[in-house]
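The values are calculated or read from the model by the stated rules, or taken from the named source; none is laboratory data. Note that the coordinates shown come from a computational prediction; the quantities given were computed from them, not determined experimentally. Every residue, glycine among them, receives a Cβ derived from its backbone with ideal geometry; neighbour counts consider all protein chains shown. When the accessible area is computed, the model is the full protein with side chains, heavy atoms only, and any ligands, DNA or RNA have been set aside. Shrake-Rupley method; radii C 1.70, N 1.55, O 1.52, S 1.80 Å.
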Amino acid sequence: MSAGEMCKFGILTASDRASAGDYEDISGPAIEAFLSEVLTSPWQIVRKLIPDEQSEIEAAIIDLV
């Protein structure tokens, strides 16, 4: 990656209850907050919140890559 190039991070949260809206996902935003504290170069986050199902996790990982 060259200087000034945008770095992209994928944050994947797999949770049945959070993805259904039963409660708020706190781990994804916590990871994003940590990155904002430690990174100084340009970056972008792509977050996914999905049910804890193997097929959906596999598809989300492939999509993020």
Just add up the charged neighbours of Asp63: K/R +1, D/E -1, any other residue whose Cβ is under 13 Å from the Cβ of Asp63. +1
Here the averaged projected area of the chain, based on the convex hull of its alpha-carbon atoms and given in nm², is 4.7 nm²
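If you take every residue apart from Asp25 with its C-beta less than 13 Å away from the C-beta of Asp25, what net charge results, scoring Lys and Arg +1 and Asp and Glu -1? Walk me through the numbers on the way to the answer.
Numbers: positive: Arg17, Arg47, Lys48; negative: Asp16, Asp22, Glu24, Glu32, Asp52.
Charge balance near Asp25 sits at -2.
Quick one: with all protein chains in place, what share of the accessible area of the chain is carbon or sulfur, to the nearest percent (1.4 Å probe)?
On the way: 2490 of 4730 Å².
That fraction is 53 percent.
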Net charge over other residues, Cβ less than 15 angstrom from the Cβ of Ile45 (K, R count +1; D, E count -1): -1
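Based solely on its DSSP helices, what 222 nm [θ] is calculated for the chain when runs of n ≥ 4 H residues each add -39,500 (n - 2.57) and the sum is averaged over all residues, nearest 500 deg cm²/dmol? The partial results should precede the final answer.
Numbers: 3 runs with 27 residues, N = 65.
Value at 222 nm, helices only: -11500 deg cm²/dmol.
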Regression test value, accessible area per residue of the chain, probe 1.4 Å, units Å², expected 73 Å²
Relative contact order (%) - the chain, alpha-carbon pairs under 8 angstrom, separation at least six: 47 percent
